[in-house]
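The values are calculated or read from the model by the stated rules, or taken from the named source; none is laboratory data. Since the model is a prediction, treat every value here as computed from it, not as a measurement. Neighbour counts are summed over all protein chains in view; Cβ atoms, including those assigned to glycine, are modelled from backbone coordinates with ideal geometry. These area figures cover heavy atoms from the full protein model, side chains too; ligands, DNA and RNA do not enter into them. Shrake-Rupley method; radii C 1.70, N 1.55, O 1.52, S 1.80 Å.
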Amino acid sequence: MKQIVLTEYQSRLFFGLFQDGQPVEISFYDRTPGFQLGDVFLARVQDIVPGIQAAFVGLTPNQKAYLPLEQAPAGLRCGDELAVQLVKEAQKTKDPVVTTRLSLAGRLVVLTAGRCLIHVSSKISDSAWKAETRKRLSTLFENAAEGKMPAKDPNHPFGFIIRTGAYQASTEEIFEEAAALAEQYAGLCRAAATHACYSRLLQSEPAWLTRLYGLAGEWAAGCGIVTDLPDIYEQCQAFLSGHGMNPLFSLRLYTDAGYPLEKLYRLQTFIEELLDKRVWLKSGGYLVIEPTEAMVVIDVNTGKANGKKTKEETILRLNLEAAAEIARQLRLRNLSGMILIDFIGMKQEAHQEQLMRFLREAVRSDPAGVSVIDITKLGIVECTRRKTTRPVYEQLGTIPGRLFQAGGQAGGGGKKGETTTA
């Protein structure tokens, strides 16, 4: 059973994905956010630093952001004004990150500025469908005469990414959403040419709502949403109806005040476990997860583990169990960047190769994208996980409402008592 739980926790909105009663992904959001990921601003270039190949731009008179020069137009100068989109929150002492390659997300399609390509999700294996979709979309993309899509502007090229969930949709639905996103992008380009500096050209929908786009493709139909917050229920209802997603999610309002939703899903227990650096395994072994300034270090320990098989086979079984739990914890805790894993040493090369194959398969479903690099000569497994938002321990341990300030201080099935809507 797949369930999304939305409730209030320490004045924040708790967003949890549960599968068979166990949390898969957890995030916390401000109930009343200010600027957020996906927002588009008309910014002013304040400084250009060739040494780090970056520019610093002002989103407001008092808030700057980091812009990689590779994502900026050629010949950029201080004082220039350009449209940028927030793509990463402030991380500890680092400023938020922006890009000029704007991206507009829909349920089926994502518009990507700066490149005239049509990419289909790699999770769609139907090669004939992919080829036909590219061909049909390219036809409409190039031919404005059909009225399905505005003509391409050579000064503002754009392309599309076809989401996994589009495989279940009709061709017309895909094209109509692509056309709507293209119109929206054209409007942003016009606004950037006419609005005053520091204007917010686009206010994104709350990140917890847009997360449903990805889940629609990742989990497909049959996922429930339950909340005990009437305003959140109404927002979800409007979002699902407005984007044609009612068939994909069942929405429920939990109304039993005598037994709060927080207790029903044991949120306090899960969160305490989430913040504990030690994670016990069923075999008796355990992990020690240590996030540092530069990387995340994970140590696998035998603990109380023992087995009836040989020592090498027992160690392999424990390492495989640890690999599965590490894949789960990376997503659950939202740990990103460089990740070093110290598995229990194995002498047999075949066992090492088996462990690496198993770990790569275990992280395959992580939507953030995890790369398992290799095992070093010291037996350390190197991984990376894409970083966009702060890890859960920072989301809980920081002051709400300060997404943009450097230092990472940002805010960040039917039960009794529920009423149901389609």
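Using a Förster radius of 60 Å, what is the FRET efficiency between ASP80 and GLU312 based on their Cβ-Cβ separation? Nearest 0.05, please.
Details: r = 62 Å, r/R0 = 1.03.
About 0.45, to the nearest 0.05.
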Among GLN91, HIS195, GLN46, flag the residue with its Cα farthest along the positive direction of the charge dipole of the chain, charges on Cβ as +1 for Lys/Arg and -1 for Asp/Glu. GLN91
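Cα-Cα over 21 Å: which of LYS311/LYS347; LYS123/LYS282; LYS282/LYS377; LYS277/LYS347; LYS64/LYS94? Each step should come with its number before you reach the end.
Values: LYS311/LYS347 11 Å; LYS123/LYS282 32 Å; LYS282/LYS377 29 Å; LYS277/LYS347 28 Å; LYS64/LYS94 11 Å.
With Cα atoms farther than 21 Å apart: LYS123/LYS282; LYS282/LYS377; LYS277/LYS347.
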Partners for LYS92 among aspartates and glutamates (Cα-Cα distance below 17 Å; same-chain residues under 8 apart left out): GLU290, GLU293, GLU394
Inter-probe distance in nm under a simple model that places probes 7 Å from Cα toward Cβ, at THR171 and ALA324: 4.4
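Run through segment 215-278 and list the trypsin sites (Lys or Arg not before Pro) located in a DSSP loop whose Cβ has at most 15 other Cβ atoms within 10 Å.
Here the sparse-neighbourhood loop sites are ARG266, LYS277.
Around CYS236, with a cut-off of 12 angstrom between Cβ atoms, what is the net charge of the other residues, counting Lys and Arg +1 and Asp and Glu -1?
Taking every other residue near CYS236 into account, the sum is -1.
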Segment 1-105, accessible surface, carbon-and-sulfur percent (1.4 angstrom probe): 49
Summed side-chain charge close to LYS92 - residues other than LYS92 whose Cβ falls under 10 Å, Lys, Arg +1, Asp, Glu -1: 0
Binning every alpha carbon pair distance of the chain at 20 Å from zero, what are the percents per bin? 23, 53, 23, 1
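Ignoring everything except DSSP H segments at least 4 long, calculate the 222 nm mean residue ellipticity for the chain; use -39,500 (n - 2.57) per segment, divide by total residues, nearest 500.
Details: 9 runs with 120 residues, N = 422.
After summing the helix terms and dividing by residue count, I get -9000 deg cm²/dmol.
If you stretched the chain out fully between MET338 and TYR259, how much longer would it get, using 0.36 nm times the residue separation minus the C-alpha to C-alpha distance? Before the final figure, lay out each step's value.
Numbers: separation 79, 0.36 × 79 = 28.44 nm, distance 4.12 nm.
Contour length minus the Cα-Cα distance gives 24.3 nm.
Tell me the net charge near PHE28. Cut-off is 11 Å between Cβ atoms, PHE28 excluded, with +1 for each Lys or Arg and -1 for each Asp or Glu. Spell out each step's value before the answer.
Details: positive: ARG12, ARG31, ARG390; negative: GLU8, ASP30, GLU394.
Here the charged neighbours net out to 0.
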